[in-house]
Structures are given as structure tokens and as C-alpha cells.
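Some notes on the structure that comes next.
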Amino acid sequence: MIKRSLILIMCLLCGVFTMAQTDEVWSFSGKVVDAKTRKALSHVSVTDRSVGTVTNEDGEFTLKLKAAPTAVSFSCLGYRTQRLTAAECKALEAEGKAVQMHASSVVLSEIVVKGVDKPRELVEQAIDRIEANYPNVPNLLRGFYRETTQKRNRFISVAEGVVDVYKSPYFKMDWRDGVAILKGRRLLSQRKSDTLAVKLQGGPVLPVQLDVVKERDILLNKEELDNYHFSYKGVKQAGDRLSYVIEITPAYIVDYPLYNGRLYIDQETLAFTKIELELDMSNEEKATSSILRKKPVGLRFTPHEMSINIDYKTDDGVTRINYIRNVIRFRCDWKRKLFKSNFTITSEMVVTDRKEGDNVRPIKVRDTFNRRDNFYDKVVFFNDPGFWGDENIIEPTEDLLDGIEKIKQRLK
């Protein structure tokens, strides 16, 4: 019998809005590479305005639209935005050629050459601009969520789903922000040694809990900023725009773990465009309290890494959350037992569509994902290759596909 007390991390979103399904779907599958090195590019945003996806670790993607687009855009930090017409997309697909992106050559203006003398002040200015730069009306986001658990290098569980996420305007906090699961599936190794009775923070509520621009209690408030050193690290090109790069490191010892990270701030609008954070692991007890929710007596839990990466995308002057990824690495071992096991839990969500406006309503309480629940327990068994239909998803990587097949073979 499959044990439900398995290590899983919950990270993302939910809601319930109905997207009309069409019989005819325009789709484009391919791979994105660096034009010079031919190296696959991961986490590239592939979008037709509001509808999109991201490339996987192998640089692969599939984009599904209700009609042929005017253009498909490919954007990635450090690269110039690439735009292709529908005809160009189909030509590349037919020839089996990859989409090539060119690394950006940043031409520094005089103000950039001088750098930023007071990076803390720049961050504070960006915080003051949140109300102007981010949605000021409710948003209902459709997203694809996936969480995987690996024991050493072997996949032992996979769970993925389509979710809706309700987010109120960014200038106010709202308890109704939440996630709803529309459909999902799961696969779990039945080896007794692969089960582990620990629960970690996270899950499908990731875009609600860890959207640090909206949930400012995490980092972007004066009290928290006082705990950090700030340093200016130059500029990076994100698509067609330049972003200041501000590095943060802990300045003091406090009662909870702080972060090391980088904040990317648009040079023109001062919107946060990307945030990369890693939990400070120098104090194991504090790091554990931030990650671990529950464990059995006698089990030793040793955290190694907890990282958060958030990408925001700007459309028509409004910056919105686009992709979020959370990785937790840790070791578990039982007292009086010789063997130790290393685990990695990866959770990620990409926004694939959205609705916004004052007529957008919050997700009903009865449909909202409970943060105490496991995403794994809310979805069905993993089968049916056509399960996703017209939904945009993050394509599985080759190693994930291989891991899925190995689990299926063991289940047989």
C-alpha cells in the first residue's frame, strides 16, 4: 500500500476559471539554444503575450494556442529577446532546427558606468514603486505545477497539475489570495526504503507564499532590509531591457535564518524583474526550523540547500509573476542506523495564462488548496499520455522521463 507520509514539498497556486477548449489548437514544439555555443537554455520564457510556458532543463518546450499567433517571444536573462512569426515557428519545427538566442552585449550608459553608490536606497526606491509597477486589479492566473523527489540521483516521486492562482492587487495584503487544483496526476515508487515520513514547507501555494514582491514580510520591508549588506554588481540584460543587479548578504545574527541572494531591478521602471535567494545554512537548527514542518521521533534531518528563484514578466507596462522554482536538498538518517540518504525536492510553476480586472473573483474557500495538505494526496494516479490535452505545461526532461519509466516498471 502506498504510504502517504512521503517527503513532498508544496509550492504553488490555485483558483478556478474556465478556459474555453477548442478543437483546433496551434502548437509549436522545439528547443532553445545559445546561438554561439549551441548549449541548451533552460527556463526561457516562451510566450504569445499572456499565454506561455518555459523551457525545461534540456531547453525543450511546447506552446499551445487557440489560434496562430502574430509572434512568439523568447526571453531569458542575459540574452536578447527573440521573436518569431507563426510561419517561422512552423518552418523551424518542420526542419527540426532549434531556436537560437544571442547573448546580449550591454552598452553601458554613463549613469550605469558610474554604478550605484547606495544600493540599499535603490532597493527602497524599487519598493516604493511596487504599487505603480505591479497589478492594481485582481489577477486569476492559470499555471502548471510540478514537484519531484529524488533519492540521491533516482526519482522516487512525481506529482504535477494545472492550478489557478488568485492574487489581489499588489498594494494590499488579502487573505483570499490562494490556489486551486484543476487537475493533476502522481507517480510514486513503492519501495519501502523510498518512503520518508517528513513534511516540508511549500507546495502548490508557492506563488502565493514566496512572491516576495507582494509578500513583503519575507524581505522587502525596512525591518528586514536592516539585517542585510547590499552591494552593486553591475547590470544584466533581460530581454530588451537592462536591470541593475544588487547582491544581498546577512549583516547580523538574528533569531531566524536570513538569505544570500540577488535582486534584479529594471533600470528604467525600477520594477523587480528577477529575485534569486538561498537560505543561509550557517546555523543548521535555524535553517531546519524554516524548512521542516514535521518528522518522526528518531529521524535526523540535515538541510543542505533551500533556494528560491522568481522571474517576473512585464507586459503593457505591468510586471507580473511568471515563473517560480524552489529547490530543497537535505539528508535524512535514523539514529542507530548506519546508512544516510540524500534527497532533493524540486517544485516549480509557470504561469500559462491569466485573467485580470475588477470582475475577477477570488477562489471559493471550499476549492482553495489547504496549506497543511499534501499536493500528492489531491491528484490521481499517473497514466494516460494525453492527460494534459490543450493545457500548456513544462515539458519533462529526458532524465525525468527515464525516472518515470523506471518507477512504472517497478510498479508492474
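Descriptive notes on the structure:
- The protection proxy used here, the mean number of other Cβ atoms lying within 10 Å of each residue, ranks peptides 201-208, 172-179 as follows, highest first: 201-208, 172-179.
- Burial ranking of peptide ranges 159-166, 387-394 (average Cβ count within 10 Å, highest at the top): 159-166, 387-394
- A full extension of the chain between Leu292 and Asp377 corresponds to an added length of 28.7 nm, given 0.36 nm per residue minus the alpha carbon distance.
- Table column - 3J(HN,Hα) (Hz), region 339-354, Karplus curve with 6.51, -1.76, 1.60, x for Gly and Pro: 8, 10, 10, 9, 10, 10, 10, 10, 10, 8, 9, 10, 7, 9, 6, 7
- Electrostatic bookkeeping for Thr368 treats Lys and Arg as +1 and Asp and Glu as -1; over the other residues with beta carbon under 14 Å from its beta carbon, the sum is +3.
- Label point distance in nm, Asp117-Arg83, each placed 7 Å from Cα along Cα→Cβ: 3.8 nm
- Computed from point charges on the beta carbon alone (+1 for Lys and Arg, -1 for Asp and Glu), the dipole magnitude for the chain about its Cα centre is near 2000 Debye.
- Computed in the context of the full set of protein chains, the accessible area of region 254-324 at 1.4 Å probe radius has 44% of its extent on carbon or sulfur.
- Sequence-distant contacts, meaning Cα pairs under 8 Å at least 6 residues apart, place the relative contact order of the chain at 23 percent.
- Per residue, the solvent-accessible area of region 40-175 (1.4 Å probe, heavy atoms of protein chains only, all protein chains present) comes to 44 Å².
- Computed from the Cβ-Cβ distance with R0 of 35 Å, the FRET efficiency linking Glu268 to His102 stands at 0.95.
- Within a Gaussian network of the chain (alpha carbon springs, distance under 10 Å), most fluctuating of Ala94, Ala103, Ala40: Ala94
- Between region 33-105 and region 138-154, the alpha-carbon center distance in angstrom: 21 Å
- Sequence-ordered 3J(HN,Hα) estimates for region 268-279 from the Karplus curve with 6.51, -1.76 and 1.60 and θ = phi - 60° stand at 8, 8, 6, 7, 6, 9, 7, 9, 10, 10, 10, 5 Hz, glycine and proline given as x.
- Take the Cα of Leu299, step 7 Å toward its Cβ, do the same at Tyr232, and the gap between the two points is 4.8 nm.
- Computed on region 190-337, with alpha-carbon pairs under 8 angstrom and 6+ residues apart, the relative contact order is 18 percent.
- Based on the Kirkwood approach, the hydrodynamic radius assigned to the chain is 22.3 Å, with every pair of different Cα atoms included.
- Result for the chain in a Gaussian network model with C-alpha springs under 10 Å: among Asp48, Asp316, Asp211, the largest mean-square fluctuation is at Asp316.
- In this rough spin-label picture, where each label sits 7 Å from Cα along the Cβ direction, the Tyr252-Asn221 distance is 1.6 nm.
- The protection proxy used here, the mean number of other Cβ atoms lying within 10 Å of each residue, ranks peptides 76-86, 214-224 as follows, highest first: 76-86, 214-224.
- Cβ-derived FRET efficiency at R0 41 Å, Ser42 paired with Glu124, nearest 0.05: 0.80
- Legend: Rg and Dmax of region 226-332, from Cα coordinates, 16.6, 54 Å.
- Computed over the chain with a Gaussian network model linking Cα atoms closer than 10 Å, the most mobile of Phe74, Phe272, Phe381 is Phe381.
- 19 Å Cα-Cα threshold exceeded, pairs from Lys31/Lys313; Lys183/Lys378; Lys66/Lys355; Lys118/Lys313; Lys295/Lys408; Lys236/Lys313: Lys31/Lys313; Lys118/Lys313; Lys295/Lys408
- Length added when fully stretched, Lys364-Arg176, from 0.36 nm per residue minus Cα-Cα: 66.8 nm
- For the pair Lys408 and Arg49 in one chain, pulling the backbone fully straight at 0.36 nm per residue adds 125.5 nm over the alpha carbon distance.
- Distances between placed amide hydrogens fall under 5 Å for Glu395 paired with Asn56, Thr62, all partners being 5 or more residues away or on another chain.
- Percent breakdown of C-alpha pair distances by 5 Å bin, ordered from the shortest bin, for region 293-345: 5, 15, 18, 15, 11, 9, 8, 7, 6, 3, 2, 1
The values are calculated or read from the model by the stated rules, or taken from the named source; none is laboratory data. Here the structure is a predicted model, which means the values were calculated and not measured. Don't worry about glycine lacking a Cβ; one is built from the backbone with ideal geometry, like all the others, and counts go over all protein chains shown. Heavy atoms of the whole protein, side chains included, go into the accessibility calculation; ligands, DNA and RNA do not. Shrake-Rupley method; radii C 1.70, N 1.55, O 1.52, S 1.80 Å.
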